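Peer 1: One structure is given below, represented as structure tokens, and several questions about it will come after.
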Amino acid sequence: MNTLTVGLVLKPQGIRGELKVKPYTDSAEDFRAFSRVFLEEREYKVLSVRTGGGAVYLGLKGVADRNAAELLRGQEITIPRDEAPEPEEGRYYIADLLGLSIVTETGKVLGTLKDVRQAATDIYTLYDGARDILFPVADGVVLAVDRAAGTITVNEKRFYEVAVL
């Protein structure tokens, strides 16, 4: 099954089996659209969702108490890719970007996108065949994303100003 990782179980919340989750989505509110989630390939029906302080609090069928919730601590939450909401224009799922070629506006290939670290400004890691190069997705660095062509186009001058070589 093609899946997307949407969050991480941080800890049990309360005594009724609720889970405190760190969302990997743009908004914690995105979890309201999920009717089911998977933890280590086991399916759980979503019974309740509430949000607060950037966290998601999930109630799942079959997780009835704190002890059951404790067993899920540290597990990643996934959903089937075809059940994921379409991202807004100009936004992408990280899974859809990994493996794309990073090219300059003149077509020079710099490498392949290997990892994305989420922060105030996302940090991309590209592999150029010999080493990893990190660069923030700061203003003016990424010019275009073309998933169909398999490329992320960057401004070469701006890229070399911010890249950690």
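Peer 1: Could you check, for the range 93-104, whether at least one of its residues is aromatic (Phe, Trp, Tyr), in a loop (DSSP other than H, G, I, E, B), surrounded by 11 or more Cβ atoms within 10 Å (Cβ to Cβ) and under 18 Å from the mean Cα position of the chain (by Cα)?
Peer 2: Initially, the range 93-104 is screened for residues aromatic (Phe, Trp, Tyr), giving 93.
Next, only the ones that are in a loop (DSSP other than H, G, I, E, B) stay: 93.
Cutting the leftovers down to surrounded by 11 or more Cβ atoms within 10 Å (Cβ to Cβ) gives us 93.
Subsequent filtering for residues that are under 18 Å from the mean Cα position of the chain (by Cα) retains 93.
Yes, some residue in the range 93-104 is aromatic (Phe, Trp, Tyr), in a loop (DSSP other than H, G, I, E, B), surrounded by 11 or more Cβ atoms within 10 Å (Cβ to Cβ) and under 18 Å from the mean Cα position of the chain (by Cα).
Peer 1: Right, something else. Would it be correct to say that Lys11 is under 27 Å from Thr121 (Cα atoms), modelled with pLDDT of 95 or more and over 19 Å from the mean Cα position of the chain (by Cα)? Let's see the steps before the verdict.
Peer 2: Numbers: under 27 Å from Thr121 (Cα atoms): yes; modelled with pLDDT of 95 or more: yes; over 19 Å from the mean Cα position of the chain (by Cα): yes.
Taking the combined requirement at face value, the residue satisfies it.
Peer 1: Further question: Can you tell me which residue within the range 144-165, out of those that are loosely packed, with under 15 Cβ neighbours inside 10 Å, of a type outside the set (Asp, Glu) and in a strand (DSSP E or B), is nearest to the chain's Cα centre (by Cα)?
Peer 2: It comes out as Ala144.
Peer 1: Next question, about the same structure. Name the one entry in Arg117, Arg131 that is touching a strand residue (DSSP E or B) at 6+ places or on another chain (Cβ under 8 Å) and surrounded by fewer than 14 Cβ atoms within 10 Å (Cβ to Cβ).
Peer 2: Numbers: Arg131 fails: touching a strand residue (DSSP E or B) at 6+ places or on another chain (Cβ under 8 Å).
Exactly one residue qualifies, and that residue is Arg117.
Peer 1: Another question, if that's okay. So, in the range 36-80, exactly how many residues are in contact (Cβ under 8 Å) with a residue 40 or more places away in the chain, among the small types (Gly, Ala, Ser) and farther than 14 Å from Leu10 by Cα?
Peer 2: Matching residues across the range 36-80 total 1.
Peer 1: Here are the criteria: (1) touching a residue at least 60 places away in the same chain (Cβ under 8 Å); (2) more than 30 Å from Gly129 (Cα to Cα). Tell me which single one Tyr24 does not satisfy.
Peer 2: For Tyr24, the exception is condition (2).
The values are calculated or read from the model by the stated rules, or taken from the named source; none is laboratory data. Note that the structure is predicted; figures quoted are calculated from it, not measured. When we count neighbours, we look across all protein chains shown, and the Cβ atoms used for this are built from the backbone with ideal geometry, even at glycine.
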